[in-house]
Each structure stands twice: as C-alpha cells, then as structure tokens.
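Everything on this sheet refers to the single structure shown next.
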Amino acid sequence: MEFPFDINQLFSERISILDQNLVASRQSKEKPDLRVKIATVLDELGEASAKAQDLPAPITSASKLQFQKHQLYLMKDGESSRGRGVVVGFLKVGYKKLFLLDRNGVHIEVEPLCVLDFYIAENLQRHGYGLELFNFMLQHQNVEPVLLAYDRPSTKLLAFLAKHYNLRQSVPQVRHNFFFHATSLRRVKKP
Ligand code: ACO
C-alpha cells in the first residue's frame, strides 16, 4: 500500500511494533505530524482488512489502538515506491478473557493471546509476507501458534494456519467464533 508520504520516515524497521502510544518504540513521541501520518496508515489498513474480510466495520483503527491494550506488528517494504517504502500489511494481537467450551461441552475461562486482525495487501498476498510477519510476532511474544486463539478466522487464515503450522483441529465455540486448537484448551485449562 502506497501513501502520499515517506513510509521510511515513519517506520525505521522492516517490522515495527505499535501499541497504545501509536508511534513505534524507537521514535520520538513528541512529533504530532508523525502521529497524524501513522494514524492515517492504521486507519487505511484497518479499512482494507475489513473489506477483505467482508466485515461491516473495521476492527483496527488508530483510535481503537489507542484505547486498547493491543500490539500491532506493521510490516513495510522500504525499497519500493522509489525508496519511499510501501506498507505490506499488519498483524494485531492482544489478550482476551474468553469463556470457551471444552470437548465435553463444559465452560472454561481462559485468557489467551488472540490473533485479532491480520492483513497483507491484496497484490502481495501469497508471497510469504504473512508467514514472515506471523513468525516475527511468535518470536516476540515467545508463544507457539497452538497456544493462540484466533478471532473469527477467515478461510484464508485457516488455510494459512493449516499450511504453515499444521493447525487444523478446533473446538467450535457458541458465543465467540474463536478458533481454538484442542491441544491449547488442555494446556490453558484452569485447575
Ligand atoms: N486463498 C486461500 N488460501 C490463501 C489465500 C487465498 N486467497 N491467500 C493466502 N492463503 C493461505 C494459503 O494457505 C497460502 O498457501 P498456498 O498459496 O500454497 O495455498 C498461504 O496462506 C500463503 O502464505 P503467506 O504467503 O505467508 O500468506 P499471506 O502473505 O497471503 O498472508 C493472510 C495470509 C494474512 C491471511 C492474507 O492472505 C490476507 O491478508 N488475507 C485477507 C485478510 C484475511 O483474511 N485476514 C485474516 C483475518 S482473520 C483474523 O485476523 C483473526
């Protein structure tokens, strides 16, 4: 995704980690123009992701990120667009308290790290960027894919998880459409 400003000026790393402060940790929090541009990028990414998933409204935006304790991994390609850089996509994660059903239909309370939103620009999908971004997040969070919960996974995400991490088995949930691997239910179940 191209923007009418220099993406490399906003994001110095190939993958930047954004949180409630909006700006990446290594950047100055004092520059308001920087924050406005970052907000524009986040809002456009959120809209593109919602469109790709057929959602009625974006679940990612600058204002939502400011009020939620989520972490957003943003990937750029710094070489493209004559050296100004393009945004490749993003992955948003956060902890959520969930009431899930185990295999016996018993409710259990868990608070796993959840994959909340994940998007790679249309023209760049199926080039391995999603895998690179996901693996970066796994390393940063020090977690395995099997221990994560996936919020309303799209068919593309389910195919992605099956292909790269061999994650296929899930326990259907009644109240939340979370994809949750049966193994992780056993691991996170409260005593
Ligand atoms: N149809 C089916 N499977 C797909 C598709 C597609 N159009 N695109 C990617 N995949 C899956 C396949 O398993 C594919 O392997 P294959 O090409 O051999 O079939 C694999 O992903 C490719 O892996 P990557 O190239 O690393 O993945 P990519 O960069 O495309 O990123 C992502 C995956 C984020 C799901 C991307 O396809 C995308 O943005 N899709 C649209 C938005 C979306 O559905 N996001 C997930 C929302 S659900 C949530 O966030 C909890």
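The values are calculated or read from the model by the stated rules, or taken from the named source; none is laboratory data. Nothing here was measured: the structure is a model prediction, and the numbers come from that model. Cβ sites come from the backbone with ideal geometry, for glycine too, and all protein chains shown count toward neighbours.
Only one entry of L138, L131 meets the criterion of being without any contact (Cβ under 8 Å) to a residue 40 or more places away in the chain, assigned to a helix (DSSP H, G or I), hydrophobic (A, V, I, L, M, F, W, C) and within 11 Å of the ligand (Cβ to nearest atom), and that entry is L131.
Within the stretch 154-165, residues that are surrounded by 11 or more Cβ atoms within 10 Å (Cβ to Cβ) reach partners that are of a type in the set (K, R) with beta carbons closer than 9 Å, at six or more positions or on different chains, in the pairs L158/R168; L161/R168; A162/R168. Criterion first (modelled with pLDDT under 90 and not in a strand (DSSP E or B)) does N123 satisfy it? So N123 fails the test. Considering only residues that are assigned to a loop (DSSP other than H, G, I, E, B) and either in contact (Cβ under 8 Å) with a residue 60 or more places away in the chain or over 24 Å from A149 (Cβ atoms) (or both), which ones fall in the stretch 60-93? The answer is G78, E79, S80, S81, R82, G83, R84, G85.
Please work out which residue is nearest to H70 (Cα to Cα), limiting yourself to the stretch 121-137 and to residues that are within 12 Å of the chain's Cα centre (by Cα) and buried (at least 16 other Cβ atoms within 10 Å of the Cβ). Ranking the qualifying residues of the stretch 121-137, first place goes to M137. Scanning the stretch 108-120 for any residue that is more than 18 Å from the chain's Cα centre (by Cα), at negative phi and either within 16 Å of the ligand (Cβ to nearest atom) or without any contact (Cβ under 8 Å) to a residue 12 or more places away in the chain (or both) turns up nothing. When you scan the stretch 49-60, do you find a residue that is β-branched (V, I, T), touching a strand residue (DSSP E or B) at 6+ places or on another chain (Cβ under 8 Å) and crowded, with 19+ Cβ neighbours inside 10 Å, even just one? So far as the stretch 49-60 goes, yes, one or more of its residues are β-branched (V, I, T), touching a strand residue (DSSP E or B) at 6+ places or on another chain (Cβ under 8 Å) and crowded, with 19+ Cβ neighbours inside 10 Å.
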